[in-house]
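First comes the structure, then the notes that go with it.
The values are calculated or read from the model by the stated rules, or taken from the named source; none is laboratory data. Only a predicted model underlies this, so the values are computations on that prediction, with no experimental measurement involved. Methodologically, a virtual Cβ is constructed for each residue, glycine included, from the backbone with ideal geometry; neighbour enumeration extends over all protein chains shown.
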Amino acid sequence: MRRLALLVLARLPLENRVLCRQFMLRVVDLEALSIEADIPQFLGQFAGVAIMLSIVHSVIAWAYFAPMSISERIGFACHFEQYLIATMMLAVGIFAVISWDAVFPDRRDIMVLSPLPVKARTILFAKLGASGAILGLAILTLNILSGFVWPFALGMAGGFVQGFLRTCAAWWFTMIAASLFMYSSALAIQGISALLLPRRLFMQVSAVMQVAGFAAILSVYFLQGTLTSMAALVAPQNQRLLASSPSFWFFALFNQVRGVLPPELAWVAQRAWVALAVSLSGGLLALLLCYLRTMKKTAEEPDLLPAKRGFHWAPRLGGGLQAVITLFSLRTLLRSRHHRVILAFYLSIVFAIALAAAHRAIAAGQPRPFSAELPTITNLMMVISVIGFRKVFSIPVSLTANWVLRTTQLNPSLEFVAATRNTLFLFAVVPVWIVSACLGLSFRPLPLVGEHLLVLILIGIILVELSLIRFHKVPFTCSLLPGSTNLQLVFWAGLAGFVLLSLFVISCEMPALRNMRLYVWLVAALCAFAAGLWTFNRHKAKSAILYFEELPDEVLTTLHLLMPPSPATVSHHQ
């Protein structure tokens, strides 16, 4: 695959090759990734995770599909096809939101490339090529095995040519079409907004749309149900779902291309064709107009302007240093698009989990018996929220303004660490606890919900204290060195952490909630653990020195040029 990509690049003009390589390194934000500023390494890790998911999907498909009867295979095929198509659209949608500004012209491109003899269409094609390469990598790796195993399982009953080959071609066409629909829809929305709104207003609205995109994509994925039979697909009560869900459109498109779609569902596949044509034409037209009409506006108009005079109100969040750090953190998250996008990735997962739980509660129509569902999802929301805020706290907002905090450091380091602790607790723990309490109202008995909420707040305190170990700095003020985060390690560690969290709920918390003696021991153990972490962090903070610069470790590099001893020297020592 790499040789094919190099062969294609070699046939392009020199300026296209250079720009395409440079834009490919900027499709994903290096500061957000922080993995030694190495995009090829990140792409390799991403491909590894995607390939593992494809293998898991293939094993599941083969293990469950092969021993089933004909009627069971039809239901499983409907469910599994909808799941795979929805998962592909989820992955491409998240990529489109993360690379929100990667295709459109920005100020750096204009200021650097405008003095050079580089045409606007050359920049456009280079950016499209870079984004298309990453998008193609996602499609290929997520279907590298399942894209052949699943068509083989579905189509071999009809023979090799009419069955397997046609099903395989229909599958890959559907995956590519669904991915292009998601990506071009994001381009069309952003491009139309850039054309209709003033530059300053567009910069504000674009950030809000990007944050909302995370929540919308994840919410649709978690809330949308599946229809596991043709009878359910043609049922009158499900027609509204089919008409409004793009994943069902492309599910119908796959079966239409494959030749097994019932005539009653032809209108659903027609919606997929229309949506694909509209999104592609809208995205390409918006891109062309942006490069022709807004490049000059981007260069001339500033992204940020002085605020207009008016009424300004700030909440009272404590006094002195606590209020300063809390307000500084709050305004950073409200004003910095870079931090909002990173935080939105984590909080949108929390939002999607909470929304899915609320949807199940509303669908039930009445309070449900208390089960392990509430502790599992609320504990998971708490973990993701604390990790997300701790992640953005480490990313600087403006290194040129750090001197203000350095020169005004009049309080001991202990007070700065305490203020950071309170800020993290206020932003990450309290909102999740309130949402969890609201979700707990749909379970009975309420005393068990109250007992779990006490355990949940203790878990939040423990997570905050764990996050502050060796974190002797003010949020958003310390420079960030490229780290050594391994995407594969993070993915599988997160999956293992979810399993361990579920085991904790099932084996420890649930028995304790139904036994007062065990519950007292559990609360006492959590309190002791939290107190120990707080004491440890406080002791370290007393002698800590706040730092604003991440400095690399000094490593002594040797060239290994030592000469082997001569025979005369060896004989002399002997």
Checking VAL490 against (1) surrounded by 15 or more Cβ atoms within 10 Å (Cβ to Cβ); (2) among the aliphatic types (A, V, I, L, M); (3) modelled with pLDDT under 85; (4) under 23 Å from the mean Cα position of the chain (by Cα): exactly one of these is not met. Which one? (1)
Looking at the range 164-186, is at least one residue closer than 19 Å to SER99 by Cα, at pLDDT below 85 and over 21 Å from the mean Cα position of the chain (by Cα)? no
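Which fully enclosed helices (runs of 4 or more DSSP H) of the range 344-438 have 2 or more residues being at pLDDT 80 or above?
Passing ranges, in order: 373-393, 413-424.
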In the range 214-233, is there at least one residue being among the aliphatic types (A, V, I, L, M), at pLDDT 80 or above and touching a Lys or Arg at 6+ places or on another chain (Cβ under 9 Å)? no
Residue pairs qualifying under the 7 Å Cβ cut-off, at least six apart or on distinct chains, with the first in the range 431-453 being of a type outside the set (Ser, Thr, Tyr) and the second being surrounded by fewer than 18 Cβ atoms within 10 Å (Cβ to Cβ) and in a strand (DSSP E or B), are PHE443/ARG368; ARG444/PRO369
Assess whether LEU327 counts as being among the aliphatic types (A, V, I, L, M), surrounded by 16 or more Cβ atoms within 10 Å (Cβ to Cβ) and in contact with a strand residue (DSSP E or B) (Cβ under 7 Å, 6 or more places away or on another chain). no
Can you name every residue in the range 196-225 that is part of a loop (DSSP other than H, G, I, E, B) and more than 21 Å from ALA354 (Cβ to Cβ)? LEU197, PRO198
Which residues, counting only those in the range 467-487, are exposed (fewer than 15 other Cβ atoms within 10 Å of the Cβ) and modelled with pLDDT of 80 or more? ILE469, ARG470
